[in-house]
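Encoded as structure tokens, the structure appears first; notes follow it.
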Amino acid sequence: MLSYILCGLYLTAILAAAATGNLRAGNSVMEGAAQAVRFCLTLIGPLCLWSGALELLERCGGAAALSRLLRPLLGRLFPLSAGDEAAFSALTENVSANLLGLGNAATPAGVRCVQRMAAIGATDELGLFTVLNTASIQLLPTTIASLRAAAGARSPFDILPAVLLASLLSVMAGLTAAFVLRRLRP
């Protein structure tokens with residue numbers, strides 16, 4: 001359906017440009033597409049770098065150490081999932097990747113976690129995980145720093161204090177809302 005909508009928009013734009021005699025609009029479309037490709041190519045390097053760093057962290061045991069560190073806290077927040085090793089492993093992997101600012105690397109673990117939580121019937125925990133995953137605390141906002149570096153920022157990590165504070169506040173607000181709504185439910 002979306003492809004039909006996009007085709008309709010493209011055809012409408014071409015017809016409007018032809019009817020008004022403004023065929024230079026087609027050049028703008030091509031320039032915009034070229035800029036999008038350049039931007040994506042610019043981001044490939046940092047994305048590969050941080051994905052490689054996460055892989056290195058996993059291979060040297062750093063991710064497992066971070067997961068062990070998070071286990072007591074996450075076990076209290078997600079008691080049903082803590083009993084299912086597959087769900088809890090995916091949960092700690094997702095939270096660890098989000099802490100390191102690797103949202104793209106966190107996605108597969110998040111999908112596995114959601115599937116396992118649904119399979120064991122942990123619906124309240126599934127909602128809580130969604131809140132925690134969406135508002136995630138980022139100790140290192142690597143994706144945002146990569147975007148800032150690609151845009152020419154001289155110091156891409158200078159946003160670190162603001163990101164840390166904002167993500168901490170959003171997680172606290174999300175967790176508070178989830179627990180209040182859980183208590184209010186009959």
- Tally, over segment 47-80, of residues that are closer than 20 Å to L140 by Cα, open to solvent by less than 40 Å² (accessible area, probe 1.4 Å) and over 21 Å from the mean Cα position of the chain (by Cα): 1
- Cβ-Cβ under 8 Å pairs, at least 6 apart or on other chains, segment 151-173 side more than 13 Å from L140 (Cβ to Cβ), far side assigned to a loop (DSSP other than H, G, I, E, B) and of a type outside the set (D, E, K, R): L168/I137; V171/S136; V171/I137
- Only one of these conditions is not met by I144: (1) hydrophobic (A, V, I, L, M, F, W, C); (2) at pLDDT 85 or above; (3) open to solvent by 40 Å² or more (accessible area, probe 1.4 Å). Which number is it? (2)
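Yes or no, residue by residue, for (1) open to solvent by 70 Å² or more (accessible area, probe 1.4 Å); (2) part of a helix (DSSP H, G or I); (3) touching a helix residue (DSSP H, G or I) at 6+ places or on another chain (Cβ under 7 Å):
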{"residue": "V111", "(1), (2), (3)": "yes, yes, no"}
{"residue": "L128", "(1), (2), (3)": "no, yes, yes"}
{"residue": "V131", "(1), (2), (3)": "no, yes, yes"}
{"residue": "D158", "(1), (2), (3)": "yes, no, no"}
- Give the residues of segment 32-52 that are of a type outside the set (S, T, Y) and modelled with pLDDT under 75, sorted by residue number. L43, P46, L47, W50
- Evaluation of A177 against (1) at pLDDT below 85; (2) part of a helix (DSSP H, G or I); (3) open to solvent by less than 70 Å² (accessible area, probe 1.4 Å) (one fails), failing number: (1)
- Task: Residues being more than 14 Å from N98 (Cβ to Cβ), assigned to a helix (DSSP H, G or I) and either in contact with a strand residue (DSSP E or B) (Cβ under 6 Å, 6 or more places away or on another chain) or of a type in the set (A, V, I, L, M, F, W, C) (or both): count how many of those fall in segment 53-68.
- Result: 4
- Message: For the condition at pLDDT 85 or above and not acidic (D, E), what is the one hit in V95, V29?
- Response: V95
- State yes or no: is N98 more than 18 Å from R76 (Cα to Cα) and buried (at least 20 other Cβ atoms within 10 Å of the Cβ)? yes
- Taking interchain pairs and intrachain pairs at least six residues apart, which have beta carbon atoms under 9 angstrom, with the first residue in segment 102-127 and more than 25 Å from V163 (Cβ to Cβ) and the second open to solvent by 70 Å² or more (accessible area, probe 1.4 Å) and not in a helix (DSSP H, G or I)? I120/G83; D124/R185
- Query: Can you spot a residue in segment 17-28 that is closer than 29 Å to N133 by Cβ, open to solvent by 70 Å² or more (accessible area, probe 1.4 Å) and not small (G, A, S)?
  - Reply: no
- Message: Quick check on segment 81-93. Is at least one of its residues open to solvent by less than 20 Å² (accessible area, probe 1.4 Å), under 30 Å from L41 (Cβ atoms) and either in contact (Cβ under 8 Å) with a residue 12 or more places away in the chain or assigned to a loop (DSSP other than H, G, I, E, B) (or both)?
- Response: no
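The values are calculated or read from the model by the stated rules, or taken from the named source; none is laboratory data. In this text the structure is predicted, and so the values were computed from the model without any measurement. In this analysis, Cβ positions are derived from the backbone assuming ideal geometry, glycine residues included, and neighbour counts consider all displayed protein chains. Accessible surface is based on the protein model in full, side chains and every heavy atom, while ligands, DNA and RNA are left aside. Shrake-Rupley method; radii C 1.70, N 1.55, O 1.52, S 1.80 Å.
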